[in-house]
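Structure record follows, encoded as structure tokens.
Every number here is computed from the coordinates shown, using simple stated rules; none is lab data. This structure is a prediction, so every number in the text was calculated from the model and none was measured. Note: ideal-geometry Cβ built from the backbone for every residue, glycine included; neighbour counts use all protein chains shown.
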Amino acid sequence: MVTQWALPGATECLGTDAFLGVPAPVRTKPGRGQNPYWSVPLTEPGVLCGVDAVAGLAVYGREAVAREEAEGDG
């Protein structure tokens, strides 16, 4: 289990006392309301992706937000 996050900046790794809601593996289509679901079906429960992929997504999202903020200032 990853307990240290090597990605600098405001992105934090959730600790063991944090709650993160995760949909059931069979929930692959949106339901009523704002219930979570997997946009891509899992190959098997417990196997999602590597830490590097999550870090890459965090960096991409942070850069996209920074670009939008910079465009708003111009």
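Would you check if there is a residue in the range 20-27 being assigned to a helix (DSSP H, G or I) and loosely packed, with under 10 Cβ neighbours inside 10 Å?
To start, the set of residues in the range 20-27 that are assigned to a helix (DSSP H, G or I) comprises none.
Looking for residues that are assigned to a helix (DSSP H, G or I) and loosely packed, with under 10 Cβ neighbours inside 10 Å, one finds none in the range 20-27, hence no.
Please go through the range 29-54 and pick out each residue that is surrounded by 10 or more Cβ atoms within 10 Å (Cβ to Cβ) and among the acidic types (Asp, Glu). Passing the criteria: none in range.
I need the full set of residues from the range 20-74 which are β-branched (Val, Ile, Thr) and without any contact (Cβ under 8 Å) to a residue 24 or more places away in the chain, in order please. Even if it seems obvious, please write down each step before you answer.
To start, the set of residues in the range 20-74 that are β-branched (Val, Ile, Thr) comprises 22, 26, 28, 40, 43, 47, 51, 54, 59, 65.
Within the range 20-74, Val22, Val26, Thr28, Val40, Thr43, Val47, Val54, Val65 meet the criteria.
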